[in-house]
Amino acid sequence: MNIGNTLLLVSFFALSASMLLRKHENYFSWMLRWAFFSISLSVLLLVYYFLSSELLINYVYVYGGEISPLYKIAAMWAGKEGMFLLLAWATMLCILIFHLKNKGDNGFAQRTLFITLVIEILLLIITLFDSPFEPTLEVFNADMSSGHGLSPKFISPWFIVHPPLLIMAYASSIIMFAASATYLYSGEKEWVGTARSWGRSSWLMLSLGMATGGLWAYETLEWNGYWKWDSIQSGTLAVWLILTAALHAIVRHRRNENEYKTTAPLLAASVFILNIFVMFFARKGVRGSEHNFLGSDVWSILLVVLFLAMIAILFLILKRSRSGYEGCIQKQRRESLSSLRSSFHATILLLCLLAFIPFWGILHSLISEKIFGEIVLIPEELYNFWSFPIILLLILLTGYCMLQVVVKPKNLLLFMLAAVMIAAVTSFLPGTPTLLNPASEFYQRSSFLVQFIGSMPVIPYVFITLLMAGGIIFRFIRIKNRFSRSNISIALIHAGFVFIIIGAIVSASFTRVDSFDYDLKKLNVLRNIDSTWSVLIADNNIVNNGNESQQTSDLNFYKNGYLHGSGTVSLTKSDQSGYFHKILIHRTLFTDIVVHFSEDALSRSSIRLSAKVIPMVNVLWGGIFLMTWGFIILIKLRIFSNSCRI
C-alpha cells in the first residue's frame, strides 16, 4: 500500500478511536488532532507528487503536465479523486475548529461532533475507494516527460479559487446539518447559534464560489456559459436559495423559539443533503454539463446513506411535531398579512419555490436518462418561464420588507400599488424583449397559455427592480442609526440582490448577437457590430507548434467611429484537447463586447467571428460584490470568534 493511502487509513482509525473515546476529553482531542494531521499530510503529499511530476501516480499522470507550479498545485482538485480528498480535509478542519471552540461541552457539542465524525468517516471511505494515490493503470510511456495535463479551460485564475470555495461551503454545511439533527433529536436550544454561524460561513463561501464560477464561465465560455442551466450551476443555485431560506428561518427562530421549530432545522439539514447530491450525483455523466465526473461503485452506497439521512430527518421532524414541540397555533397571536412575520413566511416560501425549479430540472433529467434511458435536455426557456414570475414577486417582497419599518402601512400599500401599475403600463411598450423568444422551439411547441405569458415583455421587471432599489435607499436614509453595522450590512445585501436581478435580466434579455465573415486578405476593414460599435482585424497569424496550432487575430474596437480599445482573440487546435476558443471581452462601464471564432476551423483566407454586445453585465458583478461585502460586515466572521454559539 502506498504512503498516501496509509495516511488516509491512519486518519480513519484515529477518527474511529475518537468516537470510542468521546467521554475522555484529552484522548478524544488528541485523536481528532492526529486525524487532521494525517489527512493534512496526505494532501501535502499529493501536492508534492504534482510538483515533482510523479507520473507513476495515475491521478498525477492524468492531470499533471508542463504547467506552472501554481497550476500544478491546483491540479489536485481537477478530478473527483482530488475533490473528495479536499472535501474530507475541509470537513476535518471544520470538525477540529468546532471542537476547539466547544471544549468541555459534554451535551450538545458532543452529540453534534458524533454526527459529523460519522459523516467524515464515510467521506474517508469514499476517498479510499476513489483514491488519488492509486498507481498508473495504463502502460507507462517512457518517452512522455509529463502527464496528460489540464484542459485549457482550467488554465484560469478562477480555477485556483473556485473549487476550494465550494468545498469549504460543503464542509461548513456539515456542521449545520449535524446541529440541526441534534436539535431535532434532543431539543437543545444551542443549535440555533451553531447553525447560524456555520450556515453564514457556508453561505459566504458558496456565494463567493458561485461568483468566481460565474466569472470563470463568462470568461471561458462567454455569456452562454454563465447563463447556461448546467446541472452543477443550477444545482448550486438551488442549494444557495435553500440556504438563504434557512438563514431567514433561523433568524426568526432565534428571536422567537416558537417560530420555525421544525422548518428551520429541516431547511438547514436539506442544505447538506443537497450539497452532497449536487457534488456527487449531478456530475455523473450528465449530458451537456461542463462539470462531468466519472462515476464510482461506492456512490451507490452513498446514495443509500443519503436516502437514510433524509428518512431520519423526516422521522425526527414528525416525531417532534406530534409531541407538541412545534407549539399550538391557537396559542399564538394571529399576525396580519402586512406583518414582518408574514413577510418572512412569504420570503421563505418564494425562495423554496425558486429553488425547486432548477432542482426539478436536474432530477427529471437524471431520472429520465439513468432509469428510463431517455435523454431529456431541459431548455433554458423552461427555467426562465417559471423562474421570472417568482423573481418578480421576490423583488416586490424585498422592497416591501425594506420599507415596512420606515413607511406607514397605508403609504406602503399605495407605493406597492403604484409599482404594480407602472409595471402594467410599461408592459405595453413596443419593441422590448419578451419573457420567451417567439422563435425558440420551446415557445413554438408550448400551449396557448404559455405563449401568452411568454409574450409579455421583461421591461416591467426592470422598472419594478429600480423602484425597489429606490425603496432600499429611502429606507437607509430614514431609518435610525443608519450607519450601524447591522443597517449598513442589510442595505448592502438587499441592494446587491436588486442589482444582481437588474443586471441578469437586462444582460440576458437585451444582448445583441451578430456574426460576420472577415476576409483576411483585406485587413483593417471596419465592420459594424451594431449602430454604436464596430470592429476591425489589425493582424492575423497562425503558428504551428508540434501537435498544436493556434490562430490569433488582433482586433480594434470603435465606438461611434472612434478607437475605443483593442485585444486578441484566438483559436487553438490540439491533438490532445481538440479545439479551444479563447474569447475576447472588451469591457466598458455599462457594456461588454464578447468576440470569438464562430467555427472550429483554422484558415488563412477568411474567418467568421461571433460578436455579442451585452449591456449592464457589470451591474450584476457589482451586485455580487455589494451582497458579499454586506454579508461579511454582518457576520464579522463570527465562526472564528471566541464562541461558536453566539
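In summary, the helical segments of the chain meeting the span-like criteria, namely a full DSSP H run, a Cα extent along the axis of 27 angstrom or more and a mean Kyte-Doolittle hydropathy of at least -1.0, are 25-51, 80-101, 108-129, 157-186, 191-226, 231-255, 299-322, 340-370, 380-403, 459-478, 485-509, 617-635.
Hey, what did the chain get for relative contact order, percent, Cα under 8 Å, at least 6 apart?
It comes to 11 percent, rounded to a whole number.
FRET efficiency for the SER455 to ASP519 pair, using the beta carbon distance and R₀ = 45 Å, is estimated at 0.65. Protection proxy ranking for 596-606, 575-585, using the average of other Cβ atoms within 10 Å per residue and placing the highest first: 575-585, 596-606. When only Cα pairs below 8 angstrom with a gap of at least 6 residues are kept, the stretch 1-150 shows a relative contact order of 35 percent. Available extension along the chain between LEU308 and SER186 is 42.0 nm, counting 0.36 nm per residue and deducting the alpha carbon span.
If I stretch the segment between LEU51 and TYR562 completely, what's the gain in nm (0.36 nm per residue apart, minus their alpha carbon distance), one decimal? So the chain would gain 179.2 nm between LEU51 and TYR562. Were the residues from ARG254 through GLN404 laid out at 0.36 nm apart, the gain over their Cα-Cα distance would be 51.9 nm.
Summarising the label geometry, the points placed 7 Å from Cα in the beta-carbon direction at ASN541 and PHE315 lie 6.8 nm from one another.
Ordered by the count of other Cβ atoms within 10 Å of each Cβ, fewest first, GLU441, GLU381, GLU25 give GLU441, GLU25, GLU381. Each label point was placed 7 Å from the Cα along the Cα-to-Cβ direction; for ILE3 and TRP30 their separation is 2.5 nm.
Among the trypsin sites (Lys or Arg not before Pro) within the stretch 153-222, those in coil by DSSP and having at most 16 neighbouring Cβ atoms inside 10 Å are LYS189. Modelled spin-label separation between SER605 and PHE483, with each label point placed 7 Å from Cα along the Cα-to-Cβ direction: 6.9 nm.
If R0 is taken as 25 Å, the Cβ-Cβ distance between THR432 and ASP530 corresponds to a FRET efficiency of 0.90. Taking other C-beta atoms within 10 angstrom as a stand-in for reagent exposure, VAL617, VAL525, VAL406 fall in the order VAL525, VAL406, VAL617, fewest first.
Taking other Cβ atoms within 10 Å as a rough exposure proxy, ILE313, ILE593, ILE473, ILE390 sort from fewest to most as ILE473, ILE390, ILE313, ILE593.
None of the figures in this text is laboratory data; all of them are computed from the coordinates on show. It should be emphasised that the depicted structure is a prediction, and the values quoted were computed from it without experimental measurement. Reconstructed Cβ throughout: ideal geometry from the backbone, glycine too, with neighbour counts over all protein chains shown.
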